[in-house]
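Here's the structure we're looking at; comments come further down.
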Amino acid sequence: MSSILTASIGRKLLMSITGLFLISFITVHLAINLSLVLDDSGKLFNMGANFMATNPVIKIIEPLLGLGFLIHILWSLNIGYQNWKARPVRYQKTSLSKSSTWASRNMLILGTLLFVFLIIHVINFFLVIKFNPHLMYTVTVNGIEMEDTYTLVASLFKDSIAYCILYILGGLLLGLHLSHGFWSAFQTLGLNNKYWMKRLQVIGRIYAILVAIGFSAIPLYFIIKF
Ligand code: HEM
């Protein structure tokens with residue numbers, strides 16, 4: 001029994017480490033994105049986006065982030081497959097649902113939906129900025145010429161209610177995924193005694209709610225205001 005447990009924790013370790021790395025990216029990403037609603041001139045967001053695009057440390061972290069996403073996704077599929085192979089007999093399902101949350105039982109589904117969202121998201125912004133700069137306007141903020149990322153994002157949300165809804169759903173999905181993923185990552189890393197578990201669960205839920213509301217509020221703001 002204990003060796004099964006150790007093997008399962010070993011498998012989850014990579015998910016936890018990459019997950020925590022992605023959580024730190026998501027926190028910075030949300031903080032910068034919130035400037036979309038704090039300043040309609042777009043200056044604040046453009047400064048944040050320009051900092052992320054030009055800072056040498058971020059340039060080193062960016063490929064690692066891509067790798068982190070890739071490992072997190074591929075490894076989750078591997079774990080999902082291993083768990084499916086070793087799945088218990090079906091009648092145990094009802095007792096499982098009493099001791100776990102809906103999100104924790106559906107992490108693979110939530111992750112897959114997030115992955116679909118992420119592909120659309122990367123096509124919307126990242127690929128345009130990196131590989132189609134001729135589609136971008138430029139602006140000068142505080143004497144520095146930079147790409148007008150604000151106009152790219154704001155136009156998408158102003159022009160399409162469908163994209164706004166998609167991004168609202170993306171924020172909610174991410175929140176649900178994190179409502180289990182956040183504390184589960186720490187649990188796997190060893191903070192799994194009773195004292196820490198309860199606290200991490202509460203912190204994880206608060207964090208997940210803030211992330212869901214934060215990301216969803218941005219397209220919602222554009223629906224209401226423009
Ligand atoms: C209102 C919601 C969001 C907005 C407005 C937004 C905006 C952006 C923009 C403008 C970029 C391109 C940045 C650049 O290359 O300079 C970007 C990239 C990215 N976003 Fe988002 N995002 C949102 C939600 C999310 C969510 C929910 C996730 C995670 C699940 C996410 C993950 C990513 C990733 C992985 C990249 C590519 C990494 C990179 O640019 O370095 N975003 N986002």
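Just so you know, all these numbers are worked out from the coordinates, no wet-lab data involved. Source: prediction; values computed, not measured. Quick reminder, even Gly has a Cβ in these numbers, built from the backbone with ideal geometry, and neighbours come from all protein chains shown.
Using a cut-off of 14 Å between beta-carbons, work out the net charge of the residues near A154 (Lys and Arg +1, Asp and Glu -1, A154 not included).
On the way: positive: K43, K158, K225; negative: D39, D40, E147, D148, D159.
Local net charge: -2.
Hey, what D do you get for the chain in µm²/s if you plug the Kirkwood alpha-carbon radius into Stokes-Einstein at 10 °C and 1.306 mPa s?
After rounding, the answer is 82 µm²/s.
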Next item on the list: Return the sequence-ordered ³J(HN,Hα) values of segment 60-76 in whole Hz as given by the Karplus equation 6.51 cos²θ - 1.76 cosθ + 1.60 applied to θ = phi - 60°, using x for Gly and Pro.
Entry: 6, 5, 3, x, 5, 5, x, 5, x, 4, 4, 4, 4, 6, 5, 5, 5
Check: What is the local net charge at N124, summed over the other residues whose Cβ is closer than 14 Å to its Cβ (Lys, Arg +1; Asp, Glu -1)?
Finding: +1
Next item on the list: Report, by chain and number, residues whose modeled amide H sits under 5 Å from the one on V141, excluding near sequence neighbours (fewer than 5 apart, same chain).
Entry: M146
Check: Among S155, G80, N46, which residue has its Cα positioned farthest towards the positive end of the charge dipole of the chain, with +1 placed on the Cβ of Lys and Arg, -1 on the Cβ of Asp and Glu, and the dipole taken about the Cα centre?
Finding: G80
Margin query: Based on alpha-carbon centroids, what's the gap between segment 140-191 and segment 27-70 in Å, whole number please?
Written below: 10
Note to self: What is the angle, in °, between the Cα long axis of helix 161-188 and the longest principal axis of the Cα atoms in the chain? Nearest 10 is fine, range 0 to 90.
What the structure shows: 40
